[in-house]
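Trainee: Handing you a structure now.
What follows is calculated from the coordinates using simple rules that are stated; it is not laboratory data. Keep in mind that what you see is a predicted model, and the values were worked out from it rather than measured. Glycine gets a Cβ as well: all are built from the backbone with ideal geometry, and neighbour counts include every protein chain shown.
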Amino acid sequence: MTLILALLACTGSTKESETPADDSSTTTDDSSSTDDSSGTDDSGGATASLVGNVSTTLENSQGDLYFGVFDGDPTTGDPFTSVADAQILAVDINAAPVPYRLDTLPTGKELFVIAFLDLDANVSETGGPDGGDYLAMSGNSAFTVTLQPGERTLDLVLNTVRPDQPPQ
């Protein structure tokens, strides 16, 4: 499945995931966690898990929730590759924060994370968020993390509404 996040594209397989969130417009980073249950990647290297909750203070928060993890910031126009993506179908974030979990992520390098809520259920037609969909971003950029083996917490807040016509 191809996901286009704002002005970016991501190609990868879709996995279902789950975990919890926070009402602020900041992220929570618990990098001191040392759960090493994540395992190793295909090359034998250690992997990590990214877990957290997604929340929002925006209204009308029902839809499908999508996540993308990249090896470069897809909001800058620089080259990047999808590391992982996931979706959680039919959520209502105002009812309760939605937990997510992404496993087998590479360690030791900077990764970029974006999430969005497809409010009008048309991601299969648009390939990603369109006008009015909610995005979890750090300012105008993706969130950045450098993972160590084990589990790291990153709570995401859907704090940005995608404009009908994104900037060119």
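Trainee: Among Thr160, Thr57, rank each residue by its count of other Cβ atoms within 10 Å, from fewest to most, as a rough exposure measure. Please report the intermediate quantities before stating the final value.
Mentor: On the way: Thr160 19, Thr57 13.
Exposure proxy ranking, most exposed first: Thr57, Thr160.
Trainee: Express in nm, to one decimal, how much length is gained between Ser141 and Asn94 on full extension, taking 0.36 nm for each residue of separation and deducting their alpha carbon distance.
Mentor: My answer for the length gained is 14.5 nm.
Trainee: Now, a different point. Between Thr57 and Gln148, what is the label-to-label distance in nm when each label sits 7 Å out along the Cα-to-Cβ direction?
Mentor: For Thr57 paired with Gln148, the spin-label model returns 3.3 nm.
Trainee: For the residues Arg162, Arg101, what sequence is obtained by ranking on other C-beta atoms within 10 Å, fewest first?
Mentor: On the way: Arg162 20, Arg101 17.
The most exposed by this proxy come first: Arg101, Arg162.
Trainee: Points 7 angstrom from Cα along the Cβ direction at Val161 and Asp120: gap in nanometres?
Mentor: Taking the simple label geometry, Val161 and Asp120 are separated by 1.3 nm.
Trainee: Still on this model: Ranked highest first by the average count of other Cβ atoms within 10 Å around their residues, in what order do 70-76, 132-138 fall? Write down the numbers at each step before the final one.
Mentor: Details: 70-76: 19.0, 132-138: 20.9.
By packing density, highest mean first, the sequence is 132-138, 70-76.
Trainee: Arranged by the count of other C-beta atoms within 10 angstrom, fewest first, what order do Val54, Val91 take? Each step should come with its number before you reach the end.
Mentor: Details: Val54 28, Val91 20.
Ascending Cβ contact count within 10 Å gives the list Val91, Val54.
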